[in-house]
Amino acid sequence: MARRHDLVGLTVLAMLSVRASHPYELQQFIVHTRKDYVTGLPRSLYHAIDRLTETGLIQPAETIRDGRRPERTVYRITDDGRRELGTRLSGLIEQPGLDRPTFTAAISLLGSLPVPAAREALLARAAALHETITTGTAQLGTLRDTGLPDVVLLELEYALAMHRAELDWTGTVLTRLDSGTLAWPAPIRADLLETALHETEQQS
């Protein structure tokens with residue numbers, strides 16, 4: 001599932017939407033922020049960069065050299081890349097049927113979306129969850145009416161409980177967005193990236 005959704009490529013787009021970076025910076029930021037869904041580093045990262053470059057979603061911006069270190073190519077996101085990021089990420093947030101690791105990865109990148117786009121995606125997810133809960137509750141009632149013992153229906157009960165918990169969480173996030181208590185401005189994301197890169201450079 002993660003490969004089908006190209007979570008590594010999505011992460012690269014999200015990071016480059018904050019500022020242009022070279023692959024080593026991106027790798028260190030991924031490790032520093034514990035995006036554990038990105039596996040196979042550094043090969044998976046370089047493969048993602050190649051794919052994104054070939055499709056015009058990112059492009060080389062400059063080549064830099066720091067002291068005696070090898071030259072490094074700095075990449076930046078293109079306008080097409082920003083649109084693709086918004087489309088892909090919003091789509092993942094809106095789908096309640098995703099496996100949990102993929103959704104968790106998408107949530108970790110949610111701050112890459114503008115607030116209106118994030119709000120729209122979360123509202124769509126809430127609506128889909130509500131429909132799923134309504135359908136599931138009706139199905140559970142029908143099955144109980146047939147005389148099936150509750151122990152046979154525990155799986156459906158569990159699924160409904162998880163959907164209700166997720167709907168409650170989604171509603172809480174939307175409330176925080178609407179009230180302004182969930183900090184979101186772009187400078188905060190940029191500062192986070194700069195801090196992480198500074199710390200990882202000191203460690204390297």
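Close Cβ contacts (under 8 Å, 6 or more residues apart or on different chains) running from residues in the stretch 128-149 that are without any contact (Cβ under 8 Å) to a residue 12 or more places away in the chain to residues that are open to solvent by 60 Å² or more (accessible area, probe 1.4 Å) and assigned to a helix (DSSP H, G or I) comprise ARG144/ASP150. What about ARG164, is it open to solvent by 80 Å² or more (accessible area, probe 1.4 Å), closer than 18 Å to LEU98 by Cβ, part of a helix (DSSP H, G or I) and among the basic types (Lys, Arg)? Yes, satisfied.
The set of residues from the stretch 15-24 being part of a helix (DSSP H, G or I), in contact with a Lys or Arg (Cβ under 9 Å, 6 or more places away or on another chain) and surrounded by 20 or more Cβ atoms within 10 Å (Cβ to Cβ) comprises just one member, LEU16. Taken over the stretch 70-91, the criterion of being more than 17 Å from the chain's Cα centre (by Cα) and surrounded by fewer than 18 Cβ atoms within 10 Å (Cβ to Cβ) is satisfied by PRO70, GLU71, ARG72, THR73, VAL74, ARG76, ASP79, ASP80. For the stretch 30-69, taking the residues that are in a helix (DSSP H, G or I) and open to solvent by 60 Å² or more (accessible area, probe 1.4 Å), the one that is modelled with the lowest pLDDT is identified as HIS32.
The values are calculated or read from the model by the stated rules, or taken from the named source; none is laboratory data. Everything numeric here is computed off the predicted structure, so don't read it as measured data. No Cβ is skipped: glycine too gets one built from the backbone with ideal geometry, and neighbour counts run over all protein chains shown. Just the protein is used for accessible areas: all its heavy atoms, side chains included, with ligands, DNA and RNA removed. Shrake-Rupley method; radii C 1.70, N 1.55, O 1.52, S 1.80 Å.
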